[in-house]
1. Taking segment 151-166, which residues are part of a strand (DSSP E or B) and buried (at least 16 other Cβ atoms within 10 Å of the Cβ)?
2. Report yes if some residue within segment 196-216 is farther than 23 Å from residue 266 by Cα, touching a strand residue (DSSP E or B) at 6+ places or on another chain (Cβ under 6 Å), at pLDDT 95 or above and crowded, with 21+ Cβ neighbours inside 10 Å; otherwise report no.
3. Quick check: anything in segment 96-107 buried (at least 20 other Cβ atoms within 10 Å of the Cβ), in contact with a helix residue (DSSP H, G or I) (Cβ under 9 Å, 6 or more places away or on another chain) and in a loop (DSSP other than H, G, I, E, B)?
4. Given the criteria closer than 19 Å to residue 177 by Cα and in a strand (DSSP E or B), does residue 205 qualify?
5. So which of 149, 142, 191 ends up being in contact with a helix residue (DSSP H, G or I) (Cβ under 8 Å, 6 or more places away or on another chain) and farther than 22 Å from residue 238 by Cα?
6. Which of (1) in contact with a helix residue (DSSP H, G or I) (Cβ under 7 Å, 6 or more places away or on another chain); (2) farther than 25 Å from residue 199 by Cα does residue 241 not meet, given it meets every other one?
7. Could you list, in sequence order, all residues of segment 208-229 that are part of a loop (DSSP other than H, G, I, E, B) and under 30 Å from residue 189 (Cβ atoms)?
8. Working only within segment 76-103, note down all residues that are within 17 Å of residue 60 (Cα to Cα) and at pLDDT 90 or above.
């Protein structure tokens, strides 16, 4: 089963790279190579929908649907935003939704419920811009993130505890190609009678601007398991970004889980709209 999954992921990466495909929270990558200009849109609204399923190394299949909505203020050298969501979870195993995705936990549960997800607040500062294709130094954007436990923990839609973390996003453009990624650390709150570990994570990806309106990216994501002895989550994600207008981007995506710490596969779409020009 694992060799088949790895083989499928490798095939997925090749197909995405050759056909023009373009990472959570599932999201399209946002490059930080250009500082926001004063005369531009100051607000952003993102609406997404995603489905995933997997067995997490058990005989039961977990299915979930995640529909996030993000509102963001775009400052001159920073942005701040909040994400709310609706979640549907159907599972017979020990998983809990963390950051919009089913995650191995140490509490056995049986759940087939829907409801509101957790609230996520994120702030990002554009510390360094990409100096251009002739420089090897990337653009850098440190960020902080806080989760408010608004999801129903009894239904497995969240942990029921506050989380907080920090990280660094980076990207580098080489003409029509670009590299990007991030590294982060999340301090996990532990519910009563559960012992969640803090969660380091990183991602790295490569993309290409195929036309002025179409870009594609392939991302590899890793996140440590929040329970001791659990499999770390490793996923390969492909995203296509299509610019409908100068302020509207549609980004379908698909991913394959490479370990039992991740769903086996998932797919979805995100629509981003920037507005409020002044």
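1. Matches in segment 151-166: 163, 165.
2. No, because not a single residue in segment 196-216 is farther than 23 Å from residue 266 by Cα, touching a strand residue (DSSP E or B) at 6+ places or on another chain (Cβ under 6 Å), at pLDDT 95 or above and crowded, with 21+ Cβ neighbours inside 10 Å.
3. No, there is no match, as no residue in segment 96-107 is buried (at least 20 other Cβ atoms within 10 Å of the Cβ), in contact with a helix residue (DSSP H, G or I) (Cβ under 9 Å, 6 or more places away or on another chain) and in a loop (DSSP other than H, G, I, E, B).
4. yes
5. Just one listed residue meets the conditions, 191.
6. For residue 241, the failing item is (1).
7. 224, 225, 226, 227, 228, 229, listed by residue number.
8. 88, 89, 90
The values are calculated or read from the model by the stated rules, or taken from the named source; none is laboratory data. All figures in this text were calculated on a predicted structure; none of them were measured in a lab. Note: ideal-geometry Cβ built from the backbone for every residue, glycine included; neighbour counts use all protein chains shown.
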